Amino acid sequence: VRFRAELVRRKLDRVLFEAVTRQLDDHGLVVRTGTLVDATLLPSASVRCDREARWAGHRRRKPVHGYKAHVATDQEAGLIRGVEVTTANIHDAAM
């Protein structure tokens, strides 16, 4: 968590991800046949101390306090092509 926070603080998280993606593309490791997008809830480590996290409710599941990872993967290879992390209360369709 500290490593990710430091990457975000220095604005290197996106740079690192794009560098890896570019290297995969340069080596022809990805054939883009389609993109699948999924949103995954990531619980916060602390409800009281994490002021950035938000609650996300669901009809059939227990509400989660945390974040949501919107992940786009290559349909054929299953490699991650894009990631956006938002607070948990952001609707999946917004991303």
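The values are calculated or read from the model by the stated rules, or taken from the named source; none is laboratory data. Quick caveat: nothing in here was measured; it's all calculated off a predicted structure. Cβ sites come from the backbone with ideal geometry, for glycine too, and all protein chains shown count toward neighbours. We work out accessible area using only protein heavy atoms, side chains counted, and drop any ligands, DNA or RNA first. Shrake-Rupley method; radii C 1.70, N 1.55, O 1.52, S 1.80 Å.
Structure notes:
- Computed on the Cα trace of the chain, the radius of gyration divided by the Kirkwood hydrodynamic radius gives Rg/Rh = 1.03.
- Tilt relative to the chain, helix 13-26 - C-alpha long axis, 0 to 90 degrees, to 10: 30
- Dipole in debye (nearest 20) - the range 53-95, about Cα centre, beta carbon charges: Lys, Arg +1; Asp, Glu -1: 440
- When you restrict to C-alpha pairs under 8 Å that are six or more residues apart and normalise by the size of the chain, the relative contact order lands at 26 percent.
- Cα centre as origin, Lys/Arg/Asp/Glu Cβ charges: the chain dipole, Debye: 640
- Over the range 4-52: Kirkwood hydrodynamic radius from C-alpha pairwise inverse distances, Å: 14.1
- Within the accessible area of the chain, the carbon and sulfur atoms contribute 55%, probe 1.4 Å, all protein chains present.
- Highest-first packing order for the peptide set 75-83, 54-62 is 75-83, 54-62, based on the mean count of other beta carbon atoms within 10 Å.
- Taken per residue, the accessible surface of the chain reaches 81 Å², heavy atoms only and a 1.4 Å probe.
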